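Chemist: One structure, pasted below without further comment.
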Amino acid sequence: MSAAALATPAAINYINAEKGILSWLTTTDHKRIGILYLCSITFFFLFAATLGVLMRLELLSPGMQYMDSETYNRILTLHGMTMIFLFIIPAIPGIFGNFFLPIMIGAEDVSFPKLNLASWYFYMAGGTLALLSVMTGGPDTGWTFYVPYSFKTGANVFYPLLAAFILGWSSILTGLNFLTTVHRMRAKGVTWGKMPLFVWSLYATSWVQVIVTPVVGILLLLVLAERVLGVGIFDPSKGGDPILYQHLFWIYSHPAVYIMVLPAMGVVSEIIPTFARRTIFGYKFIAVSSIAIAAIGSLVWAHHMFTSGMADEARIIFSFLTFFVAVPSAVKIFNWLATLYGGSIALEPPMVLTLAFILIFSVGGLTGLILGALSTNIHLHDTAFVVGHFHYTMFGSGGIMFLAASHYWFPKMFGRMYNRNVAYVSILLFVIGFNVTYMPLMFAGVAGMPRRYADYLPEFETYHAISTTGSWILYAGILLMVGNLGYSVFKGKKTDKENPWGGKTLEWRTPTPPPTLNFDGEPDTSIGPYDYPVEVER
Amino acid sequence: MSEIAREVDSTLVFLIAFCTVILVGVAVAMFAMVFKYHRSKSPTTKQIHSHTGLEVAWTVVPFILCIGLFFVGYEGFKAMRTPPADAMQITVTAQRWFWSFTYPDSGITTGELTIPVNRSVKLNIRTDDNEVLHSLYIPAFRVKEDAVPGLDTYIWLHPDQTGTFNIFCAEFCGKDHSKMITTLHVVEQDEYDAWLDKQVAEYYRPVEATLAMSDDPEVLAGYDGDKLFTKYCASCHGAGGEGGGPYKARDFRSIEGWKQGTKKTDVFKTISTGIPGTEMRSFAHLPVRERLALMRKITSFHPDRQQPTVEDIAVLKAAFPELDPTRAVQIPKPNMPIDEAMKQVVEEGQVP
C-alpha cells in the first residue's frame, strides 16, 4: 500500500458525511444501510435471547412455575421466529455483507442502492409485524408453522405469517443485489479467482436466497388461504395433505440453514488468514465448496421428516443424500486448520471467537451425522438432542461469527476500538455458557426428552437444571459483549489506523472509517486478498 | 428393551465414539498449531497455497466414511420398519391431548398401553381428520412415528423384558403437548390375559339407565370422576371447569347456552357422541362407567339444573345399549385404520 494513503486519513467519511436521523433513514450508502441493519438486528437478537432465557427459566425445574403452557408455547415460537427470520438469516449478509462486499471487490456501492434501502424497510416492516403479533397474544405454532395446527390454532398467526412473507422479500432483494454486484461491479483486477472468500460465500448464499425463498413465500400464502378461505390444500378433512406442507417448508428451510451457515464460513475464511498472517489454504476448494454446499444442501430437505409418515424409500434416499452435504463442510474445517499451519498466530478477540467457532461448529456438524443416520434419527428426532444440535450449528456458526465479525470489522466501521480485556472476559463467559446450556440438552435427548415441552417428567430435571444455569452464564456473556461494543461505538478509543490487524483484503486499504465512495481514488487491486509476503522458509 | 433398541444403542455409541474421535482430532490439531505457531514463538510465516494430494485425500476419505455411516443407520432402520406378519395389532389413536389404545378382537379401548412380553406388537397409529399432528414416541424402545390425519402410520416392538415405560407425544400439538404422556406396561402373558379379561368384563357390564342418572355413589364405585376429568376434560375446559382455552370451550359453571342441553341425559349423550362441527369429540370408546363418572363431575359444577324426565331416560336407554341390561353392549370401533378396514371389507365380501 502507498505511504500517501496511510498519511492522509480521510476527514470526511461515511459517518460524518451527512447529519441527522433523516439522513440515515433515507441513505442509499451501503455502509450506512449496513449500520441500520446492525442496530435493528442487534435489537432483535437481544430480544430473542431474552425470550430464550425465559424459556430456560421455566424449564429449570419440573412443573409450571412462572408461566402457563400456552405462554411458554408463544415464547418458544417467538424465540425461534425472531432468531431465524430476524437475526440469523439477515445478520451477516445484512450487516457485514452490505458494509464490506462492495468495498472488498473495489466497488463504490451495490448495483441497486435504492433497492438495498428498500430491503431494509421490508426487514423493518416484517420485524414490526412480528412484534405487533406479540401484542395480539403471539403465535403458538413453533417457528415451523406445521399444518394442520397452524390453520387450526386460535392464536393469531396472520401477522407472523405475513411478517415471514415480507422478510422473505427483504432476503430475496438483498440476494439479487449481491448477485448483480458481484457479477457487474468488481473493480478491474478483482477477478473471480481473486475475490475474497467472504464474497464467494455471500455469492453462494445469494443464489440460495433468490432460488428457494419464493417457495416459502408461496407456502405462507397457501397457509393464509387455508386459514381464511379454507381451500383444503393441507386440510386432511378436505382431502388435503399435511405432509405436503412439510416438504414445501423444508425445501426452503433446509437450504435456509446454509443461508445462515455459509456467510459465517465466509467470515472465518477472512479472519483466520488475517490473524495467522497466512494465505488461505486451498482457496479454490473453499470457494467451490461454498457452491457445493449450496447445491447439495438444496437436495436434503426431507431429512427433517424421517418420522413424518413419509414413505420409507424416501427416508432412505434422503438419509443417503444428507451424508454428502457433510463432506464440503468437513473439507472447510480441514482447510482452516491447514491455514494455521506455519502461520504467526495472534489471539486477538475475533480470532479467539473464530477458534471457538471451529470447535463448536464441529460438534454441531458431527452430531448432524448422528441425526442423519436413519436408525438413530428415529430415536432422536424431535427430542432435546435436536435442540442441542441446531443451536451448535446455527448459533454456533451464524451467531458466533456475527459476534466475531463485529469484533473484526469494528475498528474499520467506527474508527474506534473496544476494550480488549472486556472482550476476552465476555468471550470466556460466552463459550462456557454456550456449552453448559446446549450440551446437557443432547444428553437429555438421548435419554428420551421430547422437544417443545413446557413441562417435563422429574427424571429429566438434572439436564434441565444444568442447561438453565448455563443460559445465565451465556446471557451474561452476550450482554457484556454487546455492551462492550455498544459503549465503544461512542466512547471507544479513537483510531484511524487503516489496517489494525494486518489484513490483505481491500477494506484494509481504505481510510478508517471509509469515505462515502469507499476509496480515495482507485482501489489498489494489485495485491490479492490473501497475498501475505513469504517471510522465511523454515 | 428390545433387540432393535439394543441395536440402535450400539449404533448410537458407535457414532458418538466416531464423532468424539474426530472432534478430539480437530481440537488437538487446532490447539497444537495455535501453541506452536503463536506469534510469540513464530514471528515468521511460510505461505502454502494448496496441496492437491492432501485436499483430495481429505475429501475422498470423509466421502467414503459418510457412505459407510449411511449404511450403519440404514441397517437398523430396515429392521425397525419390518414388523413380523404375526404381530399383535393394536390401534393407537392420538387426540389433543391424550392417547387411546384399541385392542384387537375385544375392541376395548384404554388410556394406557398394556402388552405381553416376548411378543411382537404392531402399533397402528391414527388420528381423526380434524386433528393436528402428533407423534408416538416410546424412548425405551427407541421408536417414534407421527400420527397424521388422513394417513396410517405404524411402529412395532418386541419387548423382551417386563417393565413400565414412558410414552410421549413428540410432535408439537399445542397447549398440553407436554402433558400428552402415558404409560406402557409390559407384563407376563398370563398377567396380560387376566388384565384383558377384567377390562373386557368391565366394558360389557351395563348400567341401568335410571340408576345411571341417579346420584347413587354405589353405581360408580371404583371410578374417580376427578381423575378422569383431569385426564380427558381439563385441557380444554379447565381444571375448575371454567372453559375458555384455545378452543373456547364451554364454561361448566354456567348453564347458559349449552348446545345440546344441560340435563344429565344431555351431558351423557354429548360425552358419548361429541358435538359435530366443533372440537368437542366423542368419548364413546370409554367404558360406560367412566363416561357416567365424567357426566356426574361435569354436572356437579352447577348442580342447580333441570333433572331428566322419565321420557328423557327412556330415549337415552333406547339409544345406548350400555344403559340397558337386557341388550348386548356394543363397543364402537371408531379407531380402525384404513388398510385394516379395507382388509375387513374384502373378507366380508368374499363368497364362501
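Chemist: Starting from residues that are surrounded by fewer than 18 Cβ atoms within 10 Å (Cβ to Cβ) and under 15 Å from A:ILE103 (Cβ atoms), keep the ones in region A:517-538 and report whichever is nearest to the other protein chains (Cβ to nearest Cβ). Show your work before the answer.
Modeler: The first filter runs over region A:517-538 and keeps only residues surrounded by fewer than 18 Cβ atoms within 10 Å (Cβ to Cβ), leaving A:517, A:520-522, A:524, A:526-527, A:531, A:533-538.
Now drop any that are not under 15 Å from A:ILE103 (Cβ atoms), which leaves A:517, A:520-522, A:524, A:527.
Details: A:LEU517: 33, A:ASP520: 29, A:GLY521: 29, A:GLU522: 27, A:ASP524: 20, A:ILE527: 13 Å.
Of everything passing the filter in region A:517-538, A:ILE527 is nearest to the other protein chains (Cβ to nearest Cβ).
Chemist: Run down A:PHE385, A:PHE361 and say which single residue is over 24 Å from A:SER269 (Cβ atoms), at pLDDT 95 or above and in a helix (DSSP H, G or I). It would help to see each step written out before you state the result.
Modeler: Numbers: A:PHE361 fails: over 24 Å from A:SER269 (Cβ atoms).
Every option except A:PHE385 fails the conditions.
Chemist: From A:SER298, A:SER290, A:SER308, A:SER269, grab the single residue that is in contact (Cβ under 8 Å) with a residue 40 or more places away in the chain and surrounded by fewer than 23 Cβ atoms within 10 Å (Cβ to Cβ). Steps first, please.
Modeler: Working: A:SER290 fails: surrounded by fewer than 23 Cβ atoms within 10 Å (Cβ to Cβ); A:SER308 fails: surrounded by fewer than 23 Cβ atoms within 10 Å (Cβ to Cβ); A:SER269 fails: surrounded by fewer than 23 Cβ atoms within 10 Å (Cβ to Cβ).
Among A:SER298, A:SER290, A:SER308, A:SER269, only A:SER298 is in contact (Cβ under 8 Å) with a residue 40 or more places away in the chain and surrounded by fewer than 23 Cβ atoms within 10 Å (Cβ to Cβ).
Chemist: Right, B:TRP195: closer than 30 Å to B:SER2 by Cβ, part of a helix (DSSP H, G or I) and touching a residue at least 12 places away in the same chain (Cβ under 8 Å) or not? Break it down into steps so the answer makes sense when it comes.
Modeler: Working: closer than 30 Å to B:SER2 by Cβ: yes; part of a helix (DSSP H, G or I): yes; touching a residue at least 12 places away in the same chain (Cβ under 8 Å): yes.
So B:TRP195 fits the description; yes.
Chemist: Here are some residues: B:GLY257, B:GLY243, B:GLY274. Which one is more than 14 Å from chain A (Cβ to nearest Cβ) and either within 23 Å of the chain's Cα centre (by Cα) or crowded, with 16+ Cβ neighbours inside 10 Å (or both)?
Modeler: B:GLY274
Chemist: Quickly run through region A:444-456 and pick out the residues that are part of a helix (DSSP H, G or I) and either over 18 Å from A:GLY80 (Cβ atoms) or among the aliphatic types (A, V, I, L, M) (or both).
Modeler: Of all residues in region A:444-456, those part of a helix (DSSP H, G or I) come to A:444-446.
Selection gives A:ALA444, A:VAL446.
Chemist: Does region B:279-290 contain any residue that is within 14 Å of chain A (Cβ to nearest Cβ) and not aliphatic (A, V, I, L, M)?
Modeler: yes
Chemist: Of the residues A:PHE87, A:PHE100, which single one is touching a residue at least 40 places away in the same chain (Cβ under 8 Å), crowded, with 24+ Cβ neighbours inside 10 Å and under 20 Å from A:VAL210 (Cα atoms)?
Modeler: The match here is A:PHE87.
Chemist: For the condition in contact (Cβ under 8 Å) with a residue 40 or more places away in the chain, within 39 Å of the chain's Cα centre (by Cα) and either surrounded by fewer than 13 Cβ atoms within 10 Å (Cβ to Cβ) or not in a helix (DSSP H, G or I) (or both), what is the one hit in B:ALA85, B:ALA5, B:ALA94, B:ALA17?
Modeler: Numbers: B:ALA85 fails: in contact (Cβ under 8 Å) with a residue 40 or more places away in the chain; B:ALA5 fails: either surrounded by fewer than 13 Cβ atoms within 10 Å (Cβ to Cβ) or not in a helix (DSSP H, G or I) (or both); B:ALA17 fails: in contact (Cβ under 8 Å) with a residue 40 or more places away in the chain.
Result of the check over B:ALA85, B:ALA5, B:ALA94, B:ALA17: B:ALA94.
Chemist: I'd like to know if region A:110-126 contains one or more residues that are in a helix (DSSP H, G or I), modelled with pLDDT of 95 or more and charged (D, E, K, R).
Modeler: Yes, that holds for at least one residue.
Chemist: Looking for whichever is modelled with pLDDT of 95 or more and not in a helix (DSSP H, G or I) here; the options are A:LEU60, A:LEU46, A:LEU101. Which one fits? Break it down stepwise before answering.
Modeler: Details: A:LEU46 fails: not in a helix (DSSP H, G or I); A:LEU101 fails: not in a helix (DSSP H, G or I).
On inspection, the qualifying residue turns out to be A:LEU60.
Chemist: Name the one entry in A:PHE334, A:PHE318, A:PHE324 that is aromatic (Phe, Trp, Tyr), more than 10 Å from every other protein chain (Cβ to nearest Cβ) and outside any loop (DSSP other than H, G, I, E, B).
Modeler: Values: A:PHE334 fails: more than 10 Å from every other protein chain (Cβ to nearest Cβ); A:PHE324 fails: more than 10 Å from every other protein chain (Cβ to nearest Cβ).
Exactly one of A:PHE334, A:PHE318, A:PHE324 is aromatic (Phe, Trp, Tyr), more than 10 Å from every other protein chain (Cβ to nearest Cβ) and outside any loop (DSSP other than H, G, I, E, B), namely A:PHE318.
Chemist: Yes or no: A:THR307 under 30 Å from B:ARG81 (Cβ atoms), outside any helix (DSSP H, G or I), among the β-branched types (Val, Ile, Thr) and facing chain B (nearest Cβ under 10 Å)? Walk me through how you get there before you give the answer.
Modeler: Working: under 30 Å from B:ARG81 (Cβ atoms): yes; outside any helix (DSSP H, G or I): yes; among the β-branched types (Val, Ile, Thr): yes; facing chain B (nearest Cβ under 10 Å): yes.
Yes: the conditions hold for A:THR307.
Chemist: Another question, if that's okay. Name the residue, out of A:ILE400, A:ILE378, that is touching a residue at least 40 places away in the same chain (Cβ under 8 Å), under 27 Å from A:ALA256 (Cα atoms), buried (at least 23 other Cβ atoms within 10 Å of the Cβ) and within 14 Å of chain B (Cβ to nearest Cβ).
Modeler: Values: A:ILE400 fails: within 14 Å of chain B (Cβ to nearest Cβ).
Exactly one of A:ILE400, A:ILE378 is touching a residue at least 40 places away in the same chain (Cβ under 8 Å), under 27 Å from A:ALA256 (Cα atoms), buried (at least 23 other Cβ atoms within 10 Å of the Cβ) and within 14 Å of chain B (Cβ to nearest Cβ), namely A:ILE378.
Chemist: Identify, please: which residue in region B:251-265 is charged (D, E, K, R) and without any contact (Cβ under 8 Å) to a residue 24 or more places away in the chain and is, among those, farthest from B:ARG291 (Cα to Cα)? Before you say what the answer is, go through the steps one by one.
Modeler: Taking region B:251-265 as the starting set, the residues that turn out to be charged (D, E, K, R) are B:251, B:253, B:256, B:259, B:263-264.
Restricting the remaining residues to those that are without any contact (Cβ under 8 Å) to a residue 24 or more places away in the chain gives B:251, B:256, B:259.
Values: B:ASP251: 19, B:GLU256: 22, B:LYS259: 19 Å.
Once the filter is applied, the top-ranked residue is B:GLU256.
Chemist: If I filter region B:176-192 down to residues being touching a residue at least 24 places away in the same chain (Cβ under 8 Å) and within 30 Å of B:GLY245 (Cβ to Cβ), which single residue comes out as surrounded by the fewest Cβ atoms within 10 Å (Cβ to Cβ)?
Modeler: Restricting to residues being touching a residue at least 24 places away in the same chain (Cβ under 8 Å) and within 30 Å of B:GLY245 (Cβ to Cβ), the top hit is B:THR183.
Chemist: Somewhere in region B:49-57, is a residue among the aliphatic types (A, V, I, L, M) and at pLDDT below 90?
Modeler: So far as region B:49-57 goes, no, none of its residues is among the aliphatic types (A, V, I, L, M) and at pLDDT below 90.
Chemist: Ok, one more. So which of B:SER50, B:SER42, B:SER10 ends up being more than 7 Å from every other protein chain (Cβ to nearest Cβ) and of a type in the set (S, T, N, Q)?
Modeler: Numbers: B:SER50 fails: more than 7 Å from every other protein chain (Cβ to nearest Cβ); B:SER42 fails: more than 7 Å from every other protein chain (Cβ to nearest Cβ).
Criteria check complete, one pass: B:SER10.
Chemist: Applying the selection to region B:145-157, what residues are buried (at least 21 other Cβ atoms within 10 Å of the Cβ) and either within 7 Å of chain A (Cβ to nearest Cβ) or more than 13 Å from the chain's Cα centre (by Cα) (or both)? Can you show your working first?
Modeler: Restricting attention to region B:145-157, the residues satisfying the condition of being buried (at least 21 other Cβ atoms within 10 Å of the Cβ) are B:145-150, B:153-157.
Selection gives B:GLU145, B:ASP146, B:VAL148, B:PRO149, B:GLY150, B:THR153, B:TRP156, B:LEU157.
Chemist: Please count how many residues of region A:397-443 are outside any helix (DSSP H, G or I) and either of a type in the set (Lys, Arg) or on the phi > 0 side of the Ramachandran plot (or both).
Modeler: Let us first name the residues in region A:397-443 that are outside any helix (DSSP H, G or I), namely A:415-419.
This time we only want the ones that are either of a type in the set (Lys, Arg) or on the phi > 0 side of the Ramachandran plot (or both), so: A:415-416.
So the answer is 2.
Chemist: Here's something else I'd like to know. In this structure, does A:VAL268 turn out to be aliphatic (A, V, I, L, M), on the phi < 0 side of the Ramachandran plot and over 19 Å from the mean Cα position of the chain (by Cα)? Steps first, answer last, please.
Modeler: Values: aliphatic (A, V, I, L, M): yes; on the phi < 0 side of the Ramachandran plot: yes; over 19 Å from the mean Cα position of the chain (by Cα): no.
Taking the combined requirement at face value, the residue does not satisfy it.
Chemist: If you don't mind, there's one more thing I want to ask. Taking helices (runs of 4 or more DSSP H) that do not extend beyond region A:192-304, which have at least 2 residues that are away from chain B (no Cβ under 14 Å), under 28 Å from A:PHE357 (Cβ atoms) and not hydrophobic (A, V, I, L, M, F, W, C)?
Modeler: Answer list for region A:192-304: A:197-229, A:242-276.
Chemist: Inspect all residues belonging to region B:185-205 and state whether any of them is within 14 Å of chain A (Cβ to nearest Cβ) and farther than 25 Å from B:ARG296 by Cα. Reasoning before the result, please.
Modeler: Kept after step one, since they are within 14 Å of chain A (Cβ to nearest Cβ), are these residues of region B:185-205: none.
Within region B:185-205, none of the residues are within 14 Å of chain A (Cβ to nearest Cβ) and farther than 25 Å from B:ARG296 by Cα.
Chemist: A further question on this structure: Identify all residues within region A:441-495 that are within 14 Å of chain B (Cβ to nearest Cβ) and over 25 Å from A:GLN65 (Cα atoms); write none if there are none.
Modeler: A:VAL446
Chemist: Restricting to region A:130-145, what's the tally of residues that are outside any helix (DSSP H, G or I) and either more than 9 Å from chain B (Cβ to nearest Cβ) or buried (at least 23 other Cβ atoms within 10 Å of the Cβ) (or both)? Give the derivation first.
Modeler: Start the filter on region A:130-145 by keeping residues that are outside any helix (DSSP H, G or I), which leaves A:136-145.
Checking the rest, the ones that are also either more than 9 Å from chain B (Cβ to nearest Cβ) or buried (at least 23 other Cβ atoms within 10 Å of the Cβ) (or both) come to A:136-141, A:143, A:145.
Qualifying residue count for the region: 8.
Chemist: Restricting region B:53-67 to residues that are within 52 Å of the chain's Cα centre (by Cα) and surrounded by fewer than 15 Cβ atoms within 10 Å (Cβ to Cβ), which is nearest to the other protein chains (Cβ to nearest Cβ)?
Modeler: Applying the filter and picking the extreme gives B:ILE67.
Chemist: What are the residues in region B:74-94 that are farther than 24 Å from B:TYR204 by Cβ and more than 13 Å from chain A (Cβ to nearest Cβ), if any? Please lay out each step first, then the result.
Modeler: Kept after step one, since they are farther than 24 Å from B:TYR204 by Cβ, are these residues of region B:74-94: B:74-87, B:94.
Listed by number, the residues that qualify are B:PRO84, B:ALA85, B:ASP86, B:ALA87.
The values are calculated or read from the model by the stated rules, or taken from the named source; none is laboratory data. Note that the coordinates shown come from a computational prediction; the quantities given were computed from them, not determined experimentally. In this analysis, Cβ positions are derived from the backbone assuming ideal geometry, glycine residues included, and neighbour counts consider all displayed protein chains.
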